[in-house]
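What follows is a set of notes on a single structure, which appears directly below.
Read-outs throughout are calculated quantities, based only on the coordinates presented, and are distinct from any laboratory measurement. Since this is a predicted model, take the numbers as computed values, not measurements. Please note: Cβ atoms are built from the backbone with ideal geometry, for glycine as well, and neighbour counts cover all protein chains shown.
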Amino acid sequence: DAKTTQPTSMDCAEGRAANLPCNHSTISGNEYVYWYRQIHSQGPQYIIHGLKNNETNEMASLIITEDRKSSTLILPHATLRDTAVYYCIVRRDTGTASKLTFGTGTRLQVTL
Amino acid sequence: EPEVTQTPSHQVTQMGQEVILRCVPISNHLYFYWYRQILGQKVEFLVSFYNNEISEKSEIFDDQFSVERPDGSNFTLKIRSTKLEDSAMYFCASSPRLGWAQYFGPGTRLLVL
């Protein structure tokens, strides 16, 4: 699976949009971009994923560049409860296996 | 909203003892996974399970580990003879289809003394 690069940490004021970048310059055409987050020591929580097109759900928006070499997760109105480690994961599904390979992620701190 | 559940939430055991970690995946999900996270480290893939057999396993998942789906609802991870380095959070995850999102449980914190 393609390697991803994320900033180690970011701060965001409550109520503002949090924009979390991810570089995945070696991504292949059949690899998806997934975003998960982990609040303290809880289980990773799925946020959103995409292949080529931008995606939006009730939690966030995912913007993928046209060349697919980078993406941005947008939390439109960050709250204190969004403080977490955010993981950008590139995943290819092969046969009957589709493991997630977690990196170190971005630690997002939302402040008052 | 359906959730993956895991029991126990905490488990303390002596080195060399066997432990069984239990998971109830989301109903109707077909793919099941175990991951672990040693304190302060990354979440690591252990094993994936589909159609009653292991579909992929990592180097961590050696002969001391085994998984089983004993009935239609439970998915278990057994560590035969625990070592100090097995101390970690163990997360179960399930997915409805290959290529869909994986949904994680809250984890079991295992401490081996």
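Observations on the model:
- Within the option set B:Ser55, B:Ser66, being part of a strand (DSSP E or B) and either within 10 Å of chain A (Cβ to nearest Cβ) or crowded, with 22+ Cβ neighbours inside 10 Å (or both) holds for one residue only, B:Ser55.
- Subset of segment B:19-42 [assigned to a loop (DSSP other than H, G, I, E, B) and either under 16 Å from B:Thr7 (Cα atoms) or among the aliphatic types (A, V, I, L, M) (or both)]: B:Pro25, B:Ile26, B:Leu30, B:Ile38, B:Leu39
- Hits in segment B:84-113 (condition: in a strand (DSSP E or B) and either closer than 21 Å to A:His49 by Cα or among the acidic types (Asp, Glu) (or both)): B:Phe91, B:Cys92, B:Ala93, B:Ser94, B:Ser95, B:Tyr103, B:Phe104
- The set of residues in segment A:11-40 being part of a strand (DSSP E or B) and either closer than 23 Å to B:Phe104 by Cβ or free of Cβ contacts under 8 Å to residues at least 12 places away in the same chain (or both) consists of A:Ala18, A:Leu20, A:Cys22, A:Tyr32, A:Val33, A:Tyr34, A:Trp35, A:Tyr36, A:Arg37, A:Gln38.
- Considering (1) of a type outside the set (D, E, K, R); (2) in contact (Cβ under 8 Å) with a residue 24 or more places away in the chain; (3) over 23 Å from A:Phe102 (Cβ atoms); (4) at the interface with chain A (Cβ under 9 Å from one of its Cβ atoms), the lone condition that B:Val12 does not fulfil carries the number (4).
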